[in-house]
Amino acid sequence: MMPRFLIAAAHKSSGKTVISTGLSRALTMRGLTVQTFKKGPDYIDPMWLGLASGRPCYNLDFNTMNEGEVRHLLNSRADGADISIIESNKGLYDGVDLHGADSNAAMAKLTKSPIVLVVDTTGTTRGIAPLLVGYRAFDADVNIAGVILNKTGGPRHEGKLRAAVEEYTDIPVLGAVSRSTELEIGERHLGLTTPSETGMIQGLINTLGRRLTESVDLDALIAIAAKAPDLDSAQSSPINQFAKGIRIGVARDTAFGFYYPDDFEAFEAAGAELVFFDAINDTHLPNIDGLFIGGGFPETSMAKLEANSNIRHEIKQAIKNGLPAYAECGGLMYLCETLEWHGQKHEMVGVIPGNAVMCERPQGRGHTRLSPSDDCLWQIDGGAFKAHEFHYAKVDNLPVDTKFGFDVKRGAGISGAHDGIVVNNLMAGFCHMRNTASNPWVERFLRYVANVKARKNPA
C-alpha cells in the first residue's frame, strides 16, 4: 500500500503550495512520515515541501520522463513513508497538450491518485457548485475525492460555500482555510520566494502546519489517501559505480539552489562524491575533479558574490586550467564577466566573455529541446533531448566566435539557436537538464570528468 493524494486547483495561484506545505507539516507534526512530490519542472515549490516534510521532494515531469519513470520514481521514493502528497502545477486540466496528455489530471490518472481540489473562493459563493460539477464531469476517469475551500472571508462566507457544495454535489468539503496574511508566501519573477529568503522559515512552516491542522479534517484526508490503489512499476537496474574517487564540487547557498535531488542521487549511485560549497561565504574552492553550478537567484546576492573575490578568482583559474565544469542558468550568469540588475552592475567570475543582464520580461520559458553540436564536450548518443528553461536574463557582448555545445531545436537558450557556451572544459547554458533515461546527463558529465582526470594523471 502507498497512501497518497494529489493536490490540484482550478487555476494557478489558488494557494496550492501554501496548502500543500501546511498539510505536509501538519501530517508530520501528527507523527506521520510524509513524502512529497511536485509535478514539474519546478525547483522552488519542492524546497518548501521538502522543508515541511523533512524529506527531499521529487519532481514528476511528463516533459523529461516517460510514464514508467514517473511511476518508478513515485514508488521508490515513497517507500517507507506513511503518506505521499503530490502537488500539481497550474490548474487541474491545464497543460501544453490540447487533449491534456501532460495535465495534472493525466498525472493523477497515471499515478492512480485521488485528487483534493483547492478552490480559491475569493468573490465566490453559490458559483462554486457549477465549477465543481463541471470539473468532475469534464473527465469521468478523474477522481475528485474532496475539496478544500481556500481564502474564505469568514464564517458566513464559509457557510454559504459549504451549503452550495453540499446541495449540488457529493464532493466532501475537507476543510476551509480563511484568508490571512500569515498564510502568504511572497511571489517574485520566477514564482514563489525560496525558503532561504524568508526569515524564520521553520516558524512560518509550523504556523502553516498548525493552521491546516485547525482548518482541515486530517482524518478524512488520510482516509482518502488510504483508498489509493497499488501502483505497479518496473525495478531499476543497478548502476555501475564507474566514478569512484571522483569529487564533484557543487555550489549550494542562497544564490544557487536549483537542483533535483534525484540528480544528486545519480551522482552518488555512480560512485562520485558530492562536495558542497558556499559561493558567498567560503573563501576557497574545495579539492575537486569537476564543478557543477546550478540555477538560482544570483542577482539577489550579486553584491555578496562580487565581494567574495577569492573564490571567484579560484573558480576562474580552475576552469582556465581545464577543470571540467557544468553550469545552468544562474550558474551561467555567475560565470560571466558582470551581472546587471536594476541599474546595478557587479563583477562576477569572468571566465565567460560576456555580460549577464536581467530583463523585465522572460527571455526564455517553457519546455526546450536540444541536440549536441560538433563542439559538445560530452558523448551524447540518440540525438535531441528535452530540457526546460525559465530565465529573465540574457548574455550580451559574446564574441562572434563563441562555441556552443548545444543546438536549440525548441526554446530560446542563449542565442535562440544555441545554448551551452563552451570554454575549455566548461559548458554553461540557460537550459536545465534532468537526469532521465532519455538524457542521462549525470553519467555523461561524470565520464567526461573521469576522462579528463585520466589524461591529467595517466597510470
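Results, tabulated for the structure shown:
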{"item": "Any pair with Cβ under 7 angstrom, 6 or more apart, that starts in the range 435-459 at a residue that is under 27 Å from ARG369 (Cα atoms) and touching a residue at least 60 places away in the same chain (Cβ under 8 Å) and ends at one that is among the charged types (D, E, K, R) and assigned to a helix (DSSP H, G or I)", "result": "ASN435/ASP262; ASN435/ASP263; THR436/GLU69; ALA437/GLU69; VAL442/ASP263"}
{"item": "Subset of the range 241-273 (residues that are among the aliphatic types (A, V, I, L, M) and over 20 Å from the mean Cα position of the chain (by Cα))", "result": "ALA243, ILE246, ILE248, ALA269, ALA270, ALA272"}
{"item": "Whichever residue in the range 12-69 is of a type in the set (Ser, Thr, Tyr) and more than 29 Å from HIS391 (Cβ to Cβ) and, among such residues, is surrounded by the fewest Cβ atoms within 10 Å (Cβ to Cβ)", "result": "THR33"}
{"item": "Counted residues, the range 400-417 - those being surrounded by fewer than 20 Cβ atoms within 10 Å (Cβ to Cβ) and at negative phi", "result": "9"}
{"item": "Residue within the range 160-182 that is of a type in the set (Ser, Thr, Tyr), modelled with pLDDT of 95 or more, more than 17 Å from LEU27 (Cα to Cα) and surrounded by 16 or more Cβ atoms within 10 Å (Cβ to Cβ) present", "result": "yes"}
{"item": "Matching residues, the range 333-368, being basic (Lys, Arg) and either in contact with a helix residue (DSSP H, G or I) (Cβ under 9 Å, 6 or more places away or on another chain) or surrounded by 15 or more Cβ atoms within 10 Å (Cβ to Cβ) (or both)", "result": "LYS345, ARG365"}
{"item": "Single unsatisfied condition, ASP381 versus (1) among the acidic types (Asp, Glu); (2) at pLDDT below 95; (3) crowded, with 24+ Cβ neighbours inside 10 Å", "result": "(3)"}
{"item": "Lone qualifier among GLY153, GLY95, GLY123, GLY146 - being modelled with pLDDT under 95, crowded, with 19+ Cβ neighbours inside 10 Å and assigned by TED's automatic domain parsing to the domain that holds ALA176", "result": "GLY95"}
{"item": "Selection status of SER53, within 20 Å of ARG211 (Cα to Cα) and touching a residue at least 60 places away in the same chain (Cβ under 8 Å)", "result": "no"}
{"item": "Residue list for the range 305-332, filter: within 16 Å of THR254 (Cα to Cα), surrounded by fewer than 20 Cβ atoms within 10 Å (Cβ to Cβ) and either under 25 Å from the mean Cα position of the chain (by Cα) or without any contact (Cβ under 8 Å) to a residue 40 or more places away in the chain (or both)", "result": "ALA307, ASN308"}
{"item": "Pair list, Cβ under 8 Å, 6 or more apart: the range 254-280 residue over 15 Å from THR436 (Cβ atoms) and part of a helix (DSSP H, G or I), other residue at pLDDT 95 or above and among the hydrophobic types (A, V, I, L, M, F, W, C)", "result": "GLU268/LEU274"}
{"item": "Residues satisfying the stated conditions in the range 366-401, i.e. in a strand (DSSP E or B), touching a residue at least 40 places away in the same chain (Cβ under 8 Å) and polar (S, T, N, Q)", "result": "THR368"}
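Conditions tested, residue by residue: (1) among the charged types (D, E, K, R); (2) part of a helix (DSSP H, G or I).
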site	(1), (2)
GLY100	no, no
ALA105	no, yes
LYS109	yes, yes
VAL116	no, no
THR122	no, no
GLY134	no, yes
ASN150	no, no
ALA164	no, yes
VAL177	no, no
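The values are calculated or read from the model by the stated rules, or taken from the named source; none is laboratory data. Because the structure is a prediction, the values reported are computed rather than measured. All Cβ positions, glycine included, derive from the backbone under ideal geometry; neighbour counts span all protein chains shown.
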